[in-house]
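Taken together, the values in this text are just the output of simple stated rules run on the coordinates, not laboratory data. Here the structure is a predicted model, which means the values were calculated and not measured. Here Cβ is always computed from backbone atoms with ideal geometry, including for glycine, and neighbour counts include all displayed protein chains.
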Amino acid sequence: MYGKLLSFMGVKISRRVEKKLLEKHRVTRKELIECFENRERHALRDTREAHDSDPPTWWMISETHHLRRLKVIYVVKGGHAVIKSAYEPEPEAEYIFRTKAPYLN
């Protein structure tokens, strides 16, 4: 299942998650927004049982304006992408995303 186009959505991030991403992964709010702006493919739904959530968890891999690739994990609530996590993707995630996520039209 593929994520809906998020061009109409805003990006929300809690202070706790923002602090964790900055300290643990050196990911900034600005980089997260850039990843949504620069995405080329649909997001994928995380269907693993351990990550099952309501609303569903989605993920994508995209680049910042400075070409840093990030895996962004989020849920959609109230018309916004609410960030759960973000970090540089592992090779397996890159492969899955490249082979399963269709390009945006």
* Structure fact -> In Å, the Kirkwood hydrodynamic radius from C-alpha pairs for the chain sits at 13.7 Å
* Work out from phi, with θ = phi - 60° and the Karplus expression 6.51 cos²θ - 1.76 cosθ + 1.60, the ³J(HN,Hα) of each residue of the range 84-97, listed in order in whole Hz, and give x for Gly and Pro. => 9, 6, 6, 6, 5, x, 7, x, 5, 5, 4, 5, 4, 5
* For Asn105 and His66, what is the calculated FRET efficiency with R₀ set at 35 Å and r taken between the beta-carbons, to the nearest 0.05? -> 0.85
* Normalising by the residue count of the range 14-105, find the relative contact order in percent from Cα pairs under 8 Å and 6+ residues apart. => 28 percent
* How about Lys20: which lysines have a C-alpha closer than 16 Å to its C-alpha, ignoring those fewer than 8 places off in the same chain? -> Lys12, Lys30, Lys71, Lys84
